[in-house]
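The values are calculated or read from the model by the stated rules, or taken from the named source; none is laboratory data. Since this is a predicted model, take the numbers as computed values, not measurements. A quick note on method: Cβ atoms are made from the backbone with ideal geometry, for glycine too, and the neighbour counts reach across all protein chains shown.
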Amino acid sequence: MGRMFGTNGVRGIVNSDMTVELALQMGKAIGSMYKGVVAIATDTRSSAEMIRLAVSSGLMSVGVKVLNIGVLPTPALQYYVKTHGNVDGGVMITASHNPPQFNGIKCISHDGTEANRAEEEGIEELYATEIPTVPWNSLGMTEDVSGVAEAYIDEILNHVDVEFIRASGLKVTVDCANGAAFNTTPMLLRRLNVKSVTLNCNPEGEIPDHPSEPTEENLGELIAMTQYSESDLGIAHDGDADRCVFITRSGKYVSGDKSLALMCRYALDRRKGSVVTPVSTSSMVEEVVVGNGGTIDYTAVGSPIVARRMMDSGAVFGGEENGGLIFPEIQYCRDGAMTLAKMIELIVRNGPLDDQIATLPVYHTFKVKVECPDKLKDRVIRHIINMSSDQKVDDTDGLKISYDDGWVLTRPSGTEPLFRIYSESKDEDVALARARKYEKMVTDFLAENR
């Protein structure tokens with residue numbers, strides 16, 4: 001059996017790849033790995049209940065007690081697992097930013113972090129076997145647990161200057177993509193006395209004209225409303241609300257590497273140390289980190305990898321360039337609500353986001369996606385190595401090819417049949433030309449080898 005877990009869980013199209021049979025067997029495998037008590041939560045997708053019930057049935061069939069904690073952001077489930085010593089693991093039913101026909105199963109370790117690769121391999125091995133179930137009088141039961149969202153928001157408020165923010169009179173516009181933050185983010189803003197205009201804050205799960213990936217092209221409504229309402233900040237989550245991206249008062253979309261750089265600077269003002277981030281992150285972040293007395297530590301792409309490195313090294317901050325930021329003072333995972341609370345605090349302390357962005361060094365990054373069957377991904381990598389033999393190449397994740405005036409990263413997606421190409425330089429024309437060069441290199445190879 002091939003690898004099931006991608007960069008963030010097992011995902012697939014509902015009733016095609018992601019079936020109740022798969023979910024049931026996955027529940028048995030997860031239950032056999034974690035044993036004891038497992039907490040389960042979902043995002044707002046229409047298929048969430050079907051997949052949750054199938055996974056829960058699998059868990060109970062091998063004797064696991066299931067705690068159903070409701071519709072919640074992924075980091076709220078992670079915080080619950082981390083803070084309850086009687087809970088042995090967690091399962092999040094989500095496909096994050098994938099289109100509405102997808103759903104997924106993400107595993108959470110007993111310490112609240114995303115399952116590491118060794119745990120995932122153990123679950124995959126169990127999945128491929130005939131898993132024994134327990135006798136009828138040893139079955140697990142399900143218990144509904146309430147109040148998890150409130151406890152999660154309480155903890156976030158413990159890590160920001162609440163009175164300072166409450167007195168600021170700040171106003172924001174927030175788009176929850178009708179996802180898992182539909183309840184928690186408005187609750188957080190109310191507790192902070194921040195006036196808010198809300199968009200897509202219903203638990204509907206699917207918006208045909210607004211995919212939940214918080215990219216600039218998907219957030220036109222938020223950008224317009226942030227300006228129209230004269231908000232100090234626009235805020236957007238992805239489907240399971242472990243990420244957060246921002247719009248400035250003037251309507252500028254803030255790429256995730258810029259919010260990461262600002263948060264690194266803010267963290268390093270308080271404590272010097274290392275910042276962990278994947279090889280796909282803009283060099284602008286490294287320039288900011290080093291310029292503020294920190295050191296940069298690069299990893300492969302994937303928030304679990306970043307989080308584990310942060311735990312091992314005692315890093316002061318970490319995150320990815322997609323709006324997924326990790327605050328070690330609360331928990332070692334991407335946390336959309338903590339990100340927005342800290343960004344609000346940063347604006348109240350240091351002034352408008354437009355002005356803060358203007359202080360960052362300017363790099364130009366182009367990102368290209370090429371459709372690529374999973375079975376050809378390794379061959380594409382080998383082809384790029386052959387075509388780049390005269391350059392300095394780093395294979396931490398995919399291939400990062402370094403030039404005197406920038407870099408190109410080519411890597412297979414861990415969640416979709418895609419090949420991603422990132423090209424960066426301080427010279428916009430150079431960055432674009434290299435992006436096109438490597439895109440052509442990949443598409444030509446695929447055309448010849450399909």
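Residues that are exposed (fewer than 15 other Cβ atoms within 10 Å of the Cβ) and assigned to a helix (DSSP H, G or I) within the stretch 372-384 comprise Asp374, Lys375, Asp378, Arg379, Arg382, listed in sequence order. Residue count for the stretch 169-202 under the criterion of being crowded, with 21+ Cβ neighbours inside 10 Å and part of a helix (DSSP H, G or I): the result is 7. Residues considered: Lys106, Lys28. Of these, the only one that is surrounded by 19 or more Cβ atoms within 10 Å (Cβ to Cβ), more than 22 Å from the chain's Cα centre (by Cα) and of a type in the set (Lys, Arg) is Lys28.
Regarding Asn178, is this residue within 21 Å of the chain's Cα centre (by Cα), free of Cβ contacts under 8 Å to residues at least 60 places away in the same chain and closer than 27 Å to Lys369 by Cβ? Considered against the rule, which asks whether it is within 21 Å of the chain's Cα centre (by Cα), free of Cβ contacts under 8 Å to residues at least 60 places away in the same chain and closer than 27 Å to Lys369 by Cβ, Asn178 comes out as no.
What number of residues within the stretch 233-253 satisfy the criterion of being more than 17 Å from the chain's Cα centre (by Cα) and either in a strand (DSSP E or B) or basic (Lys, Arg) (or both)? Total satisfying the criteria: 6. How about the stretch 272-287: which of its residues are crowded, with 24+ Cβ neighbours inside 10 Å and either without any contact (Cβ under 8 Å) to a residue 24 or more places away in the chain or not assigned by TED's automatic domain parsing to the domain that holds Arg334 (or both)? None; the set is empty. Please indicate, with yes or no, whether at least one residue in the stretch 217-232 is in contact with a helix residue (DSSP H, G or I) (Cβ under 9 Å, 6 or more places away or on another chain), under 25 Å from Ile421 (Cα atoms) and not in a loop (DSSP other than H, G, I, E, B). Checked the stretch 217-232: no residue is in contact with a helix residue (DSSP H, G or I) (Cβ under 9 Å, 6 or more places away or on another chain), under 25 Å from Ile421 (Cα atoms) and not in a loop (DSSP other than H, G, I, E, B). Can Glu49 be described as in a helix (DSSP H, G or I) and in contact with a Ser or Thr (Cβ under 9 Å, 6 or more places away or on another chain)? For Glu49, the condition - in a helix (DSSP H, G or I) and in contact with a Ser or Thr (Cβ under 9 Å, 6 or more places away or on another chain) - is met. Taking the stretch 200-226 as the search range and keeping residues that are hydrophobic (A, V, I, L, M, F, W, C) and modelled with pLDDT of 95 or more, which one is nearest to Lys252 (Cα to Cα)? Result: Ile223. Might you check whether a residue that is among the aliphatic types (A, V, I, L, M), outside any helix (DSSP H, G or I) and in contact (Cβ under 8 Å) with a residue 40 or more places away in the chain occurs anywhere in the stretch 254-271? Checking the stretch 254-271: at least one residue is among the aliphatic types (A, V, I, L, M), outside any helix (DSSP H, G or I) and in contact (Cβ under 8 Å) with a residue 40 or more places away in the chain.
Restricting attention to the stretch 328-348, the residues that are in a loop (DSSP other than H, G, I, E, B) and under 16 Å from Ala149 (Cα atoms) add up to 3.
The residue pairs whose first member lies in the stretch 379-391 and is among the hydroxyl-bearing types (Ser, Thr, Tyr), whose second member is buried (at least 16 other Cβ atoms within 10 Å of the Cβ) and not in a helix (DSSP H, G or I), and whose beta carbons are closer than 8 Å, counting only pairs six or more residues apart or on different chains, are Ser388/Leu399; Ser388/Ile401.
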